[in-house]
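The next block holds one structure in the form of C-alpha cells; read it before the comments.
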Amino acid sequence: MAEEKQTTTTTTVSRHSEVGHKSLLQSDALYQYILETSVYPREPEAMKELRDITAKHPWNLMTTSADEGQFLAMLLKLINAKNTMEIGVYTGYSLLATALALPEDGKILAMDINRENYELGLPVIEKAGVAHKIEFREGPALPVLDQMLEDKACHGSYDFIFVDADKDNYINYHKRLIDLVKVGGVIGYDNTLWNGSVAEPADAPMRKYVRYYRDFVMELNKALAADPRIEICMLPVGDGITLCRRIS
C-alpha cells in the first residue's frame, strides 16, 4: 500500500487518482510517462478491466500497480515459472498477471482472508480463460503453510511465490516459504519500501497504519539482507519489492 502524492495540476491529480498509484518516483510526470509509454499500451484488456473495477473499491490502494503487474509478468516468463503461490490476493490484479504469464498447465495457490474481494475480480479472470490455473483458499495462510511443510513433497516445489499480505507476518511467512520454494526459485515480498517510511526518522510524521507496519517491514528487510540462503534485490517498483532467489 502507498499513499497518493499531492500534485499541482488538475490533470495530474485526476490521473493519479487511478487505482494502484504507488510510485516512489519524485516526479509524478515521469511515473505517468512510464505508464503511458510502456505499461498501458501493453496491458492485457482483462487486466485493464480488472484495474477499472478495482478503482471503484474503497480499498483500491491495496492493489498491485500496473507497472508492477507488468514487471511480475515479465519475471515469471524469464524464470519459466510453472508452479506458483500468492499470499494476499485482494481483487486479483497481480493474480491475473501471474495467471496470464504462466503456461497453460501452470498453477497458482492463492490465499486471502477475504473471498468477497477475490470474487469481484473472478468474472474477469474467468473471462480471460485462466481461472483453471488458480486454486483459491480463503483464510489465514500460515496454517496452510504449516500443513504443507509436514509433507516433504511440498518442499522445494514452488518456482515463484509472491507475498502482499499482512506485513506483521512477513517474517513468519519467510521462515516457512524458504523451504517451499525450490533452490533457484524466487520469493517476491511487496511493499518493502513502505511508502518511503523505512528511510524516515522514527519520529517523522506518518499516518497511523504506516507507522504501525513500518517496524515490521524494516525487520523483514534486515532479516532478508542477513539470510545466507538467498540472494536479494530490492527494487523501487510500486511501493518497493524485494526479490529473494533461494541458493541453498
So residue 178 passes all but one of these: (1) without any contact (Cβ under 8 Å) to a residue 60 or more places away in the chain; (2) open to solvent by less than 30 Å² (accessible area, probe 1.4 Å). Which condition number does it fail?
(1)
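Can you work out which of the residues in region 174-197 that are of a type in the set (D, E, K, R) and not in a helix (DSSP H, G or I) is nearest to residue 88 (Cα to Cα)?
Pass one, region 174-197, residues of a type in the set (D, E, K, R): 175-176, 179, 182, 190.
With not in a helix (DSSP H, G or I) added as a condition, the list becomes 182, 190.
On the way: 182: 21, 190: 10 Å.
Among them, the one singled out is 190.
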Hits in region 216-246 - residues which are farther than 18 Å from residue 176 by Cβ, open to solvent by 50 Å² or more (accessible area, probe 1.4 Å), touching a strand residue (DSSP E or B) at 6+ places or on another chain (Cβ under 9 Å) and not acidic (Asp, Glu):
225, 233, 234
For residues in region 192-215 being open to solvent by less than 50 Å² (accessible area, probe 1.4 Å) and not polar (S, T, N, Q), which is farthest from the chain's Cα centre (by Cα)?
204
Considering only region 110-122, state which residues are open to solvent by less than 10 Å² (accessible area, probe 1.4 Å) and closer than 23 Å to residue 154 by Cβ.
110, 111
Pairs please, first residue from region 115-131 and among the polar types (S, T, N, Q), second anywhere and open to solvent by 70 Å² or more (accessible area, probe 1.4 Å) and not in a helix (DSSP H, G or I), Cβ atoms under 9 Å, 6+ apart in sequence or on different chains.
117/59
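In a loop (DSSP other than H, G, I, E, B), within 16 Å of the chain's Cα centre (by Cα) and within 25 Å of residue 67 (Cα to Cα): is that true of residue 237 in this structure?
Answer is yes for this residue.
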For region 65-81, state whether one or more residues are within 14 Å of residue 160 (Cα to Cα), open to solvent by 50 Å² or more (accessible area, probe 1.4 Å), touching a Gly at 6+ places or on another chain (Cβ under 7 Å) and part of a loop (DSSP other than H, G, I, E, B).
no
Please pick out the residue among 125, 171 that is part of a helix (DSSP H, G or I), buried (at least 20 other Cβ atoms within 10 Å of the Cβ) and in contact with a Leu (Cβ under 7 Å, 6 or more places away or on another chain).
125
Looking at region 128-155 only, could you name the residues that are in a helix (DSSP H, G or I), over 19 Å from the mean Cα position of the chain (by Cα) and of a type outside the set (A, V, I, L, M)?
132, 143, 146, 147, 152, 154
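The values are calculated or read from the model by the stated rules, or taken from the named source; none is laboratory data. Here the structure is a predicted model, which is why all the values come from computation and not from measurement. Positions of Cβ are generated from backbone atoms using ideal geometry, with glycine treated the same way; all protein chains shown enter the neighbour counts. Surface accessibility is based on the protein's heavy atoms, side chains included, excluding ligands, DNA and RNA. Shrake-Rupley method; radii C 1.70, N 1.55, O 1.52, S 1.80 Å.
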